[in-house]
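To keep things clear, I will list the structure first and then write my remarks on it.
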Amino acid sequence: MPMKLLTNALAILAVSALPAVAAGPAPDARALISGDFIAKTREWLANPIVPLSVKAQNERIGNIGQAEIDALDKQWVQEREVDDKPLISATLSAPLSIYLLRIQARNLGLYTEIFVMDAKGLNVGQSSITGDYWQGDEAKYQKTFPTGADAVFIDDPEWDDERKIWISQLNLTLADEDGKTPIGVATVEVNLTELMRRSQPAS
């Protein structure tokens, strides 16, 4: 299935698989996204395609300056509004993006978005088109990568009124083989509504 069709199918599945509900009180994202969930996330992030892709981009654009970063970010935002999308297309067709899309599809609505950044906070791979290309000025990067190789930051839950679900972003620093050297960051947007459903004991 072509990537665009698969992405659209995932979006439809995430909405249709869940009943329409009112927002209600916000769930405790940090309790739901616990140690076991984080450990399992790190397992599939340990696939060699993830660190290899991040390190390759770090080596390729490691000395990039802020002006160039801003220009790429601006290009990305502009490409979202037009048919010609060279930067977006190159990123979405990367092997890492295909892997992340498959992870999202395999988990049947549990993840609403997954993307991976390099050491500068620039996108390396993603399961869908993000709002921007550079994440280095956002908490998902600033509260992980500079903090260390084991850093984890779970953002506050948000109600997605379009899909009628609670979501929260799990952000993790990605480390080199030594486990001590940060190389990038992964953001996994979790469907908390679906996670709560799966956490309920079977009747």
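The values are calculated or read from the model by the stated rules, or taken from the named source; none is laboratory data. Predicted model only: the values in this text are computed from it and were never measured. Glycine gets a Cβ as well: all are built from the backbone with ideal geometry, and neighbour counts include every protein chain shown. Calculation scope for accessible area: heavy atoms of the full protein, side chains included, ligands and nucleic acids excluded. Shrake-Rupley method; radii C 1.70, N 1.55, O 1.52, S 1.80 Å.
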Rounded, prolate or oblate: which fits the stretch 44-97 when a ≥ b ≥ c are the square roots of the eigenvalues of the alpha-carbon gyration tensor, with rounded for a/c under 1.5 and prolate only if a/b beats b/c? oblate
By how many degrees, 0 to 90 and rounded to 10, does the Cα axis of helix 3-16 deviate from the longest principal axis of the chain? 30 degrees
Can you give me the long-range amide H partners of Val124? Hydrogens built in the peptide plane at 1.01 Å from N, cutoff under 5 Å, separation of 5 or more residues or another chain. Val116, Met117, Asp118
Going by alpha carbons, how many degrees (0 to 90, nearest 10) lie between the helix axis of 95-106 and the longest principal axis of the chain? 0 degrees
Keeping the other protein chains in place, figure out the carbon and sulfur percent of the accessible area of the chain, with a 1.4 Å probe. 55 percent
Highest mean packing first, using Cβ neighbours within 10 angstrom, the peptides 148-156, 110-118 sort as 110-118, 148-156
Dipole size in debye (nearest 20) for the stretch 121-203 around its Cα centre, Lys and Arg Cβ +1, Asp and Glu Cβ -1? 280 debye
Of Gln78, Gln104, Ala67, which is farthest along the charge dipole of the stretch 52-115 in the positive direction, counting Lys and Arg as +1 and Asp and Glu as -1 at C-beta? Gln104
Using a/c under 1.5 as the rounded threshold, could you call the stretch 71-137 rounded, prolate or oblate? The axes a ≥ b ≥ c are square roots of the C-alpha gyration tensor eigenvalues, and prolate needs a/b larger than b/c, oblate otherwise. prolate
Going by a ≥ b ≥ c, the root eigenvalues of the Cα gyration tensor, does the stretch 87-203 fall in the rounded group (a/c under 1.5), the prolate group (a/b larger than b/c) or the oblate group? prolate
Backbone N within the stretch 79-119 under 12 Å of label point (7 Å from Ile49 Cα along the Cβ vector): 93-106
Are there any GluC sites (Glu not before Pro) in the stretch 119-203 that are in a DSSP loop and have at most 11 other Cβ atoms within 10 Å? List them by number. Glu162, Glu177
Select one label from (i) 1.01; (ii) 1.23; (iii) 1.10: the one whose number is Cα Rg over 2.2 N^0.38 Å as derived from the coordinates shown. (i)
Using θ = phi - 60° and Karplus 6.51 cos²θ - 1.76 cosθ + 1.60, couplings along the stretch 193-198 (whole Hz; Gly, Pro as x): 4, 5, 5, 5, 4, 6
Might you tell me the accessible area per residue for the stretch 118-203, computed with a 1.4 Å probe and given in Å²? 44 Å²
In degrees from 0 to 90, rounded to the nearest 10, what is the angle of the helix 66-79 Cα long axis to the longest principal axis of the chain? 50 degrees
